[in-house]
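Participant: Before anything else, here's the structure in question.
The values are calculated or read from the model by the stated rules, or taken from the named source; none is laboratory data. Keep in mind that this is a model prediction, so the values were computed, not measured. As a convention, Cβ positions derive from the backbone with ideal geometry for all residues, glycine included, and neighbour counts pool all protein chains shown. Heads up: the accessible areas ignore ligands, DNA and RNA and are worked out on the full protein's heavy atoms, side chains in. Shrake-Rupley method; radii C 1.70, N 1.55, O 1.52, S 1.80 Å.
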Amino acid sequence: MNFIKTAIFTAALFSAQVTFAQFKQTPLPYAYNALEGSIDGKTMDIHYNKHAAAYTANLNKAIDGTPAAKESIEEILGTISKMPVAVRNNGGGHYNHELFWTILTPNKGTTPSPKLSKAINETFGSVDALKEKINAAGASRFGSGWAWLAVDKDGKLFVSSTANQDNPLMDVVTENGVPILGLDVWEHAYYLKYQNKRADYLTNIWEIINWDEVSKRYEKALKK
Ligand code: MN3
């Protein structure tokens, strides 16, 4: 009898979890230790399975039974000023990490597409100048946050930084646009390997940037 009760309870609990799991984590497209040299395997494991997983789960809880449960993540973030703070923090956390995993790769030596390369050179002078600008934005972010390369409504590239889990899609930030590259500068992204040396983490991460993915996102952002 107890067994049956437990089985029914477990089934009910499982189906309840499934019904409100609106957003899911995309499987990591490489092994946890594939980025060693720039980011260690233990950091990737904890970052993906604990930190990022919690944002996704808590976003689903925060929107359960609300109109936001039927919206895309981009729609939610675009009207975030009208949402509870839990949706802002966890919705941003979900979106930002889903982007972050894809713009990293173990395949070293990818380069910006000719079109993105031209836009980078016109806007920042060179890819190296862009890296410096993003790293400066990330290094000077006090506390936790992100450094971004994004495309504004006129199709122009810009670099910005946001606090906590905010991002350029949100209607609460001053520099709005579509992010195409985002660097996580929360301590949880680098502390095990780098401790207080955020600048070293930011230097080494360029070895594993997936320029193919950033270029794809650039093309997509231009069409919006
Ligand atoms: Mn993070």
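Participant: Normalised by the number of residues in the stretch 114-222, what is the relative contact order in percent for Cα pairs under 8 Å and 6+ residues apart?
Facilitator: Relative contact order comes out at 24 percent.
Participant: Let me ask something else. Charges at C-beta only: +1 for Lys and Arg, -1 for Asp and Glu. How large is the resulting dipole of the stretch 114-222 about its Cα centre, in Debye rounded to 20?
Facilitator: Charge dipole, the stretch 114-222, about its Cα centre: 100 debye, nearest 20.
Participant: Ok, one more. Between 0 and 90 degrees, rounded to the nearest ten: what's the tilt of helix 211-222 against the longest Cα principal axis of the chain?
Facilitator: It is inclined by approximately 80 degrees.
Participant: Can you run phi through the Karplus equation (6.51, -1.76, 1.60; θ = phi - 60°) for the stretch 106-121 and list ³J(HN,Hα) in whole Hz, with x for Gly and Pro?
Facilitator: x, 7, 6, x, 5, 9, x, 4, x, 5, 5, 4, 4, 5, 5, 4
Participant: Relative contact order (percent) for the chain, with alpha-carbon contacts under 8 angstrom and 6 or more residues of separation?
Facilitator: That works out to 23 percent.
Participant: Over the stretch 114-222, how many pairs of lysines fall under 30 Å by alpha carbon, counting only those 8 or more apart in sequence or from different chains?
Facilitator: 28
Participant: Compute from the Cα atoms of the chain the Rg and the Dmax, the latter being the longest Cα-Cα distance, and quote both in angstrom.
Facilitator: Gyration radius and largest Cα-Cα distance of the chain: 18.9, 73 Å.
Participant: So, one more: Which residues in the stretch 145-172 place their backbone N less than 18 Å from a point set 7 Å from the Cα of E74 along the Cα-to-Cβ direction?
Facilitator: Once the point is set 7 Å along Cα→Cβ of E74, 149-158, 167-172 turn out to lie under 18 Å by backbone N, inside the stretch 145-172.
Participant: While we're on this one: Enter the angle in degrees (range 0 to 90, nearest 10) between the Cα long axis of helix 2-19 and the first principal axis of the Cα atoms of the chain, meaning the one along which they spread out most.
Facilitator: 30
Participant: Hey, what number do you get for the chain at 222 nm if only DSSP H runs of n ≥ 4 count, each worth -39500 (n - 2.57), divided across all residues, to the nearest 500?
Facilitator: -14000 deg cm²/dmol
Participant: Now a separate question. Calculate the spin-label point distance for K115 paired with N196, positioning each point 7 Å from the Cα along the beta-carbon direction, and give it in nanometres.
Facilitator: Inter-label distance under the simple model: 4.6 nm.
Participant: Using only the alpha-carbon atoms, how far is helix 127-139 inclined from the longest principal axis of the chain? Give it as 0 to 90 degrees, nearest 10.
Facilitator: 50
Participant: Restricting to DSSP loop positions (anything but H, G, I, E, B) with no more than 16 other Cβ atoms inside 10 Å of their own Cβ, which trypsin sites (Lys or Arg not before Pro) remain in the stretch 14-106?
Facilitator: K24
Participant: While we're on this one: Could you state the number of Å between the C-alpha centres of the stretch 115-130 and the stretch 207-223?
Facilitator: 13
Participant: When the Cα centres of the stretch 152-199 and the stretch 49-88 are compared, how far apart do they sit, in Å?
Facilitator: The distance from the Cα centre of the stretch 152-199 to that of the stretch 49-88 comes to 18 Å.
Participant: Related question: Quick one: what are the phi-derived ³J(HN,Hα) couplings along the stretch 41-55, Karplus 6.51/-1.76/1.60 with θ = phi - 60°, whole Hz, x for glycine and proline?
Facilitator: x, 5, 4, 4, 4, 5, 4, 6, 7, 10, 5, 5, 4, 5, 4
Participant: I've got another one for you. Given a 1.4 Å probe and every protein chain left where it sits, what share in percent of the accessible area of the chain is carbon and sulfur?
Facilitator: Ligands and nucleic acids excluded, carbon and sulfur reach 56 percent.
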